[in-house]
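Asker: Questions regarding the structure given below will be posed in turn.
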Amino acid sequence: MLMSLTRRRCLQTLLTFGGLALGGCATRPRHSTYEYELILKPQSISLIPGTSTPAWTFNGTSPGPTLRLRQNHPVRILVRNELPEPTTIHWHGIRLNNAADGVPGLTQDPIPPGGAFVYEFTCPDAGTFWYHPHFNSLEQLGRGLVGLLIVEEENPVFFHQDLSLALKDWHLNADGSFAPFTSHRAAARAGTLGNHPTVNGKTSERLTLTAGSVVRLRIANMDNTRVFNIGADLPAMVIAVEGNPLPRPIPLESHPLGAGMRVDLALQVPQTPGVYQILDRKGRFAFSLCELEVVPGQVPPLPMPSLPPNPVPALDLANAERIPLSFEWAGALSPVGEDGKADPVFWTINKRAWAEHNHQHLPDPLATLRMGRTYIFELYNATPHPHPIHLHGFTFTVLSVNQQMLEPYHTDTILLGKNQRAEVAIVADNPGDWMFHCHVIEHLETGLMGYIRVT
Ligand code: C2O
Ligand code: CU
Ligand code: CU
């Protein structure tokens with residue numbers, strides 16, 4: 001009789017999860033806790049009509065289900081691994097506790113085939129994020145393991161519609177089987193582009209919008225390699241980048257989106273019905289990513305909504321310590337690992353390369369930061385190729401690019417072009433070991449990865 005609902009649910013949970021240990025379960029308030037279950041499993045999907053592709057999926061689909069969480073509300077996500085190899089899941093862009101960050105060897109042991117892991121965290125920031133494995137990433141993301149994670153504002157912000165585009169290219173042969181995800185030649189350059197582009201898992205995507213409405217369109221680049229330059233042939237404002245509202249929205253012209261990056265647009269849908277496009281701009285050319293069909297209809301008038309800023313801690317720039325981090329070409333060293341496989345290294349951070357096959361021997365951190373202090377990272381891309389540079393667990397503030405001060409903005413990933421420099425700052429307020437890497441998956445797997453320690 002006295003058994004609380006909480007306790008009963010806990011027992012049920014234990015039964016459902018087959019004896020998986022759930023620490024602290026009985027003490028957690030249940031009412032505001034979201035529950036999700038993600039099952040990673042092989043599943044044939046059809047990308048090229050008449051063929052099937054042996055994808056790896058979340059709950060049977062790629063992209064996986066869109067997770068909708070709420071700002072400041074705790075979430076528990078059960079991840080079950082039904083793949084033939086280990087995995088972990090990373091919640092890209094979320095400022096969460098280190099134990100939930102999903103990095104094998106750094107924050108958790110890999111989840112073995114047949115195993116499960118419960119991720120528990122609370123998102124302090126609202127916005128557009130995503131999730132993906134952090135184990136054998138080239139193949140696991142390449143085979144389809146990507147998904148969108150939307151954190152809704154604590155106080156909802158109203159748009160007439162809230163839509164999203166998940167961008168991912170596939171590496172396919174004509175019969176639907178997978179073509180190689182990488183070659184040494186491409187890994188040492190800008191990476192291997194896919195040959196079968198998809199939007200929301202489809203070869204062509206068309207959204208229906210109402211004339212005169214204001215639509216929030218979240219665009220996520222979940223590709224391993226590609227850089228998009230997002231444009232549109234209807235009026236649109238850039239309202240957030242990598243989940244973080246811009247202090248002042250700017251009209252969309254061409255917004256660069258490297259691997260792992262996101263942009264939120266507010267589309268000002270014209271009164272004239274017709275078909276408009278979201279574009280990928282390439283110099284003088286533009287390619288359609290998605291068609292927007294505008295149909296007549298009645299919508300209540302809506303002034304351009306404004307997104308509340310995320311609670312990123314205030315920087316103490318006057319007392320900040322500077323940390324140079326430079327990204328370089330390492331040449332084609334190919335030491336042969338214990339398993340006899342060549343382990344090519346093409347890239348370094350501060351002259352050091354991450355040895356992917358060496359999780360047992362963790363290298364030292366790139367830098368050790370003290371809790372509460374402000375740090376300025378001086379980023380330098382000393383290579384001819386673009387690198388979307390990403391830090392886990394933090395939102396950084398971009399202060400300058402190529403010595404030009406700009407209106408500071410917040411992000412978790414910055415796209416550095418050839419020979420570009422940038423100054424970005426963080427407050428070291430989240431203890432743990434946090435990955436810092438390029439999000440071109442072939443680059444992180446051939447050296448361009450390290451971690452930052454906060455104590
Ligand atoms: Cu999407 Cu280690 O990152
Ligand atoms: Cu991340
Ligand atoms: Cu890179």
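The values are calculated or read from the model by the stated rules, or taken from the named source; none is laboratory data. Quick caveat, the model's predicted, so the values are computed rather than measured. In this analysis, Cβ positions are derived from the backbone assuming ideal geometry, glycine residues included, and neighbour counts consider all displayed protein chains. The protein model used for the area step is the full one, side chains on, heavy atoms only, and it has no ligands, DNA or RNA in it. Shrake-Rupley method; radii C 1.70, N 1.55, O 1.52, S 1.80 Å.
This table checks each residue for (1) within 24 Å of I250 (Cβ to Cβ); (2) buried (at least 23 other Cβ atoms within 10 Å of the Cβ).
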site: T397; (1), (2): yes, no
site: E407; (1), (2): yes, no
site: A425; (1), (2): yes, no
site: D433; (1), (2): no, no
site: E445; (1), (2): no, yes
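Asker: Now for a different question. Return the only residue of P365, P384, P408 being assigned to a strand (DSSP E or B), away from ligand 2 (no atom under 16 Å from the Cβ) and over 20 Å from N136 (Cα atoms).
Answerer: Selected residue: P408, the only one of P365, P384, P408 that is assigned to a strand (DSSP E or B), away from ligand 2 (no atom under 16 Å from the Cβ) and over 20 Å from N136 (Cα atoms).
Asker: Still on this structure: If you check L145, L172, L167, which single one turns out to be out of contact with any Asp or Glu (no Cβ under 7 Å at 6 or more places or on another chain), open to solvent by less than 20 Å² (accessible area, probe 1.4 Å) and outside the structural domain of P74 (by TED's automatic domain parsing)?
Answerer: Of the residues listed, the single one that is out of contact with any Asp or Glu (no Cβ under 7 Å at 6 or more places or on another chain), open to solvent by less than 20 Å² (accessible area, probe 1.4 Å) and outside the structural domain of P74 (by TED's automatic domain parsing) is L172.
Asker: Now a separate question. If you check every pair at least six apart or on different chains, which have Cβ atoms under 9 Å apart with a residue in region 253-267 that is more than 18 Å from H387 (Cα to Cα) first and a residue that is within 13 Å of ligand 2 (Cβ to nearest atom) and modelled with pLDDT of 95 or more second?
Answerer: Close Cβ pairs (under 9 Å, with a partner that is within 13 Å of ligand 2 (Cβ to nearest atom) and modelled with pLDDT of 95 or more) amount to D264/G243.
Asker: Select from region 148-162 the residues that are more than 13 Å from ligand 1 (Cβ to nearest atom) and more than 15 Å from H73 (Cβ to Cβ) and write down the one among them that is nearest to the chain's Cα centre (by Cα).
Answerer: Selected residue: D162.
Asker: A further question on this structure: Please tell me if Y409 is at negative phi and more than 16 Å from ligand 3 (Cβ to nearest atom).
Answerer: yes
Asker: Then there is this: Provide a single number: the residues in region 148-164 that are open to solvent by 30 Å² or more (accessible area, probe 1.4 Å) and in a loop (DSSP other than H, G, I, E, B).
Answerer: 6
Asker: Suppose we filter Q420, Q404 for residues that are more than 19 Å from G102 (Cβ to Cβ), within 16 Å of ligand 3 (Cβ to nearest atom) and out of contact with any His (no Cβ under 8 Å at 6 or more places or on another chain); which single one remains?
Answerer: Q420
Asker: If you check I230, I323, which single one turns out to be more than 16 Å from ligand 1 (Cβ to nearest atom), touching a Phe, Trp or Tyr at 6+ places or on another chain (Cβ under 7 Å), among the β-branched types (V, I, T) and open to solvent by less than 60 Å² (accessible area, probe 1.4 Å)?
Answerer: I323
Asker: So which residues in region 189-208 are β-branched (V, I, T), touching an Asp or Glu at 6+ places or on another chain (Cβ under 6 Å) and either assigned by TED's automatic domain parsing to the domain that holds P65 or open to solvent by 30 Å² or more (accessible area, probe 1.4 Å) (or both), if there are any at all?
Answerer: Across region 189-208, the qualifying residue is only T208.
Asker: Quick check on R218: is it modelled with pLDDT under 95 and charged (D, E, K, R)?
Answerer: In short, no.
Asker: Same structure, new question: Got a sec? Which strands (runs of 3 or more DSSP E) wholly within region 37-120 have at least 2 residues that are crowded, with 21+ Cβ neighbours inside 10 Å?
Answerer: 53-58, 74-81, 89-92
Asker: Let me ask something additional. Quick test of your reading of the structure: T107 fulfils all but one of (1) at positive phi; (2) within 16 Å of ligand 1 (Cβ to nearest atom); (3) not aliphatic (A, V, I, L, M). Name the failing condition by number.
Answerer: So T107 meets the others, but not (1).
Asker: Considering only region 281-290, I want to know if a residue exists there that is of a type in the set (S, T, Y), part of a strand (DSSP E or B) and surrounded by 12 or more Cβ atoms within 10 Å (Cβ to Cβ).
Answerer: Yes: one or more hits.
Asker: Give the residue that is farthest from L369 (Cα to Cα), with candidates limited to residues of region 423-440 that are near ligand 3 (Cβ under 9 Å from one of its atoms) and of a type in the set (A, V, I, L, M, F, W, C).
Answerer: In this case the residue turns out to be V440.
Asker: Still on this structure, please answer the following. From L165, L207, L145, grab the single residue that is modelled with pLDDT of 95 or more, within 16 Å of ligand 1 (Cβ to nearest atom), at negative phi and not hydroxyl-bearing (S, T, Y).
Answerer: The conditions single out L145.
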